[in-house]
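To keep things clear, I will list the structure first and then write my remarks on it.
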Amino acid sequence: MTERTAADRTALAARLLVTFLDELDEQLRALDADLLALERDPADAEHLRSVFRVAHTLKGASRAAGVHAIEEVCHALETMCAVARDSGTPLASSQISLLFAGSDALADAGKLLREGRDAGSSAVVVELLEQLRRRASATESGGRTSPAPVLETVGPIPDRRSADPEPDRRSSDTASVPDPGTVAPGSALAARDQVRVGTRQLDSLVTVAGELLAMTGMIGDRPADAEAIAESIRVWRAEWRRGAGVYRRSLAQSDASPAIIGVMAAVDDHLAHLDGQVAELARAIGNDARTLGGTTSRLVENVRRLRMRPFADIAEPLPRATRDIAASVGKEVRVVVEGQEVEADRTVLDALREPLLHLARNAVDHGLEAPAERTRQGKQPEGSVGVRAELGGDWLRVTIADDGAGLDVGAIRQMLKERGRDIPIDDRDVARTLFESGFSTRRVATNISGRGVGLDIVRTAVERLGGTVTVQWVAGAGTTFTIEVPVSVATMRALIVRVGKQMLAIPTTFVERLMRVSREQVRSVEGSSMLTVGSEALPLTSLARLLGAPLVDPLPGPLLNIFTLGLAGRRLAIAVDELCEEREVFVRPLEYAGHEAAMRYSGAALLDGTQIALVVNAGALLGSTGRADGRDASMGFASETIAPPREWHILVVDDSITTRTLEESVLSAAGYRVTTAVDGVDALRLVKAGGVDLVVSDVEMPRLDGLGLTEQIRAAPAHAKLPVILVTSLDKPEERARGLEAGADAYIMKSSFDQDTLLGIVRQLLGDAS
């Protein structure tokens, strides 16, 4: 009996400890929020009372759970607050700092308890208790010595009682799942209507739901199959009845046995019965498939909802984190959080915790100016950091904006130059280099930044989710980072395509257009395959070439199956073997994928009982390719070098004698016969005279420019297929599109002109012409 009693006590103590740790998480979140407000206004009596209540509540709870170290810390914090409350004297900044240290000590003690260790062994707790003992009887005057942020929230704040705490404060292997009958938050009944489900169990449920969704898709085809069989039987029965009449008359005239006629009648009856049965079965299968589809949809939606958590889960630590950074670098900051009630998959939110923290730290450390500098510029000494979450369809958009100085593009260019890196022309491309590993504008690393890993971590984490991160800025007015990720990584709408024997799923959010085009519509621009879509010339490549082995390029054929992807102003045309269908898919993680595979694929989707589609990480694909190179993508342009026959005649047209001489020397040295013209009118005369195999022309020329020359060449049936290469200094996309619309076969930028590019395109075009 004694052993059972001891065991019961041990079990009770364990349950009390688990309950206490959950309460500790909730109370610490409230404590941090109150301390931030109190630091901003030490005379705020209401927040002082709130801090006192938290300390008092935790003191009693820790006593019940037998955690005496936490009880001692809470008692000291409670005493400090009580003295200030009773005396009416605002807390000094040093006292508020001690309260923040107390919050950290309590969090550290909770972490040790979860690891099965003694909370009293925490060095943070020991040091804090020593400080508190020394100051127990001290009385300090008020006055804030370090700047602090204030948290403002816009919109309803979700109930925190059922929210998952932060991973470093509680094990993340369980999730709170509210019963559908949950009553008003905060009531005892509401607490009883909550159950804890292990995340492994929840993931297992997601897997089963995914399999059910795949099977439902397969069964969805069965009604059509059954109806086809029913129709075949109806046709067969009609043919039988037409033939049976003839057979009966023949048998009657031949004095055949009545039994034979009876057999024929029985066959007719059986066919009629079979016709009715199959028709009814087809209707039943159709009804059952629709019912199963509706039930599966509801199950999938409910499972998806179980995985959803409010954005507040990852936004709550930001005010405290920015407060600590601002205090360490002597800055003042106000944090405004909007959209805390927005919900997303817990896996997505967990993956965004660290990126969001990095961006918030960057906003304070890199973005905001020091108070004196802000005052000199006519700004408020206190800087602002805004964090906003919102939904756009199936996507979560999170922005982190500051009102600081904006990006110093000149400094970024200088750092690139010093490191021997290529310096992009476009400022947006310069800004993208910030996301590369090891790049930082800080010359000396600090404990906050300068290692060149922060934004790389952000990019990597976001791309693993199949999302994107971009940056915009206004000089002197601030910087905004925008993260866009799927709301859920468990389910998505996807375009299913086939490359060889492999099925692949492309998130439809990135897909802009599906098309089938002739290979003759593909043009070459600076050695890359391009396709004109609307008014824009898009880089064209194959999905196999982008993703790599073991995928292979589409098989040769007159038509190309193409879909276009678009993201953050970048667009890409991609060829595949087959465009299959669009459907909802459940995505399973690639548990054993290496880093490279994880960046190319975000998971796998079960299409039916046996067929798997890899889910392409389209965001990372576009993010890593930038302007994708379509060269040698089997889009109709050969990659091998073709020796030019010396009799091929090339016409070079340019009003600049320097450019004409350069191009003539390059082509002549390669063995071509070259004739030159000074403008489009002169060139058109030479073309009409005959004997020209290819034209290389400038765009901007007097009398008749290169576009007009190309159009007139294409208008003449005798020269409609004459290859034309346009060479120009105009590098805008619309200018390229105009050149291709005019009928040019290729387009070369003077800014990136080199003889290998020119000769490569000439060889390709003359090789095709031969």
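Of all residues in the stretch 483-502, which are in contact (Cβ under 8 Å) with a residue 24 or more places away in the chain and open to solvent by 20 Å² or more (accessible area, probe 1.4 Å)?
Glu484, Val489, Met492, Arg493, Arg498, Gly500, Gln502
Scan the stretch 96-134 residue by residue and report those that are open to solvent by 10 Å² or more (accessible area, probe 1.4 Å), of a type outside the set (A, V, I, L, M) and assigned to a helix (DSSP H, G or I).
Result: Ser97, Asp104, Asp108, Lys111, Arg114, Gly120, Ser121, Glu127, Glu130, Gln131, Arg133, Arg134.
I need the full set of residues from the stretch 369-423 which are of a type in the set (Val, Ile, Thr), open to solvent by less than 50 Å² (accessible area, probe 1.4 Å) and either modelled with pLDDT of 85 or more or assigned to a strand (DSSP E or B) (or both), in order please.
Matches in the stretch 369-423: Val385, Val387, Val398, Thr399, Ile400.
Within the stretch 481-493, work out how many residues are out of contact with any helix residue (DSSP H, G or I) (no Cβ under 9 Å at 6 or more places or on another chain) and modelled with pLDDT under 85.
Matching residues across the stretch 481-493 total 2.
What are the residues in the stretch 702-720 that are of a type outside the set (Gly, Ala, Ser) and open to solvent by 20 Å² or more (accessible area, probe 1.4 Å), if any?
Pro702, Arg703, Leu704, Asp705, Glu711, Gln712, Arg714, Pro717, His719
Taking the condition acidic (Asp, Glu), over 19 Å from the mean Cα position of the chain (by Cα) and outside any loop (DSSP other than H, G, I, E, B), does Glu520 pass?
The answer is yes for Glu520.
Identify the single condition in (1) open to solvent by less than 40 Å² (accessible area, probe 1.4 Å); (2) closer than 26 Å to Leu465 by Cα that Glu354 does not satisfy, given that it satisfies every other one.
Going through the list (1) open to solvent by less than 40 Å² (accessible area, probe 1.4 Å); (2) closer than 26 Å to Leu465 by Cα, Glu354 breaks only (1).
If we only count helices (runs of 4 or more DSSP H) wholly inside the stretch 235-341, which ones have 3 or more residues that are farther than 30 Å from Glu26 by Cα?
Here the list reads 258-306.
Hey, could you check the stretch 580-594 for residues that are charged (D, E, K, R) and out of contact with any helix residue (DSSP H, G or I) (no Cβ under 8 Å at 6 or more places or on another chain) and say which is modelled with the lowest pLDDT?
Glu591
So how many residues does the stretch 79-95 have that are buried (at least 19 other Cβ atoms within 10 Å of the Cβ) and within 14 Å of Val54 (Cβ to Cβ)?
Counting residues in the stretch 79-95 that are buried (at least 19 other Cβ atoms within 10 Å of the Cβ) and within 14 Å of Val54 (Cβ to Cβ) gives 2.
Leu349 passes all but one of (1) touching a Phe, Trp or Tyr at 6+ places or on another chain (Cβ under 9 Å); (2) within 21 Å of Thr491 (Cα to Cα); (3) at pLDDT below 85; which number fails?
(3)
Which members of the stretch 324-364 meet the condition of being β-branched (Val, Ile, Thr), closer than 28 Å to Thr375 by Cβ and in contact (Cβ under 8 Å) with a residue 60 or more places away in the chain?
Correct list: Ile325, Val329, Val333, Val335, Val336, Val337.
The values are calculated or read from the model by the stated rules, or taken from the named source; none is laboratory data. None of these values were measured; they are calculated from a predicted model. Note: ideal-geometry Cβ built from the backbone for every residue, glycine included; neighbour counts use all protein chains shown. With ligands, DNA and RNA removed, areas are computed over all heavy atoms of the protein, side chains included. Shrake-Rupley method; radii C 1.70, N 1.55, O 1.52, S 1.80 Å.
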